[in-house]
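First up is the structure itself, then whatever we jot down about it.
The values are calculated or read from the model by the stated rules, or taken from the named source; none is laboratory data. Please read these numbers as outputs of a predicted model, since none were measured by experiment. Backbone-built Cβ (ideal geometry, glycine too); neighbour counts: all protein chains shown. For accessibility, only protein heavy atoms count, side chains too; no ligands or nucleic acids. Shrake-Rupley method; radii C 1.70, N 1.55, O 1.52, S 1.80 Å.
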Amino acid sequence: MTHPPALFAAVVGLGRAASNIGDHWVQNDHCARVKAATDAKPVLMPAADPDAEPVAHGTRDGIKACAWHCLTYTTTQAVVVGAGARVLGIRLHPGAAAAALALSGITHYIADRRVPGGVLEKLADKTGKGNFFRLADYGLNGAYALDLLCTNAFAGGAR
C-alpha cells in the first residue's frame, strides 16, 4: 500500500477503531465516573465496605482519573494503530506517530475533563451547542457526543 490517500485513510480508520476501544472497553468504571469531579462538584462513589459512607472524589481525584483514562486511551491507540500498520505494511514515521498520539491524548484530556465551565462546555456555548452539551436525556448525552467529535478529529493521521 503506497498511495498516500489510502495510507492516510487506513491510519485514520485504525485510529478511530482504537479510539472507540480505548473509550468504551479499556476505560474503567472509576475513571468514567470520577474524571469530571471537582471540589465544588464532587463525585460520590460507594465505599468498599457496604456499611461505610460513600467516598467523595474532588478535583485531585478527577484530574488523576482523567489523566489515567487518557494514558490508557492513547496507549490503546498506539497499540492498535501500530499493529494495524504493521499488518497492512504501512511504515509510520516514529516522530509523527508520537506527535499524533500526544496531540490525541492532550485533546482527549481537555474534552473529557468536562468540569463545569471547562473548555468543551465553553466551545459548545460559543458555537451555539450549549443546550446539546447539557443534554442528558432520551438516551442521549450531548457532552459525550461533542467529546467524540473533538477528540476523534485528532485520532490517527500520522505517517
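Shown for the stretch 10-108: the carbon plus sulfur share of the solvent-accessible area, taken with all protein chains present and a 1.4 angstrom probe, equals 65%.
All other residues whose Cβ lies under 15 angstrom from that of residue 63 are scored, Lys and Arg at +1 and Asp and Glu at -1, for a net of +4. Here the chain is treated with +1 on each Lys and Arg Cβ and -1 on each Asp and Glu Cβ, and its dipole about the Cα centre works out to around 740 debye. Listed values (1) 48, 35, 25; (2) 59, 40, 29; (3) 196, 28, 20 include one computed from this model; for Cα extents along the principal axes in Å that value carries the label (2). Among the trypsin sites (Lys or Arg not before Pro) found in the stretch 57-122, those both in a DSSP coil and sparsely packed, with 15 or fewer other Cβ atoms within 10 Å of their Cβ, are 91.
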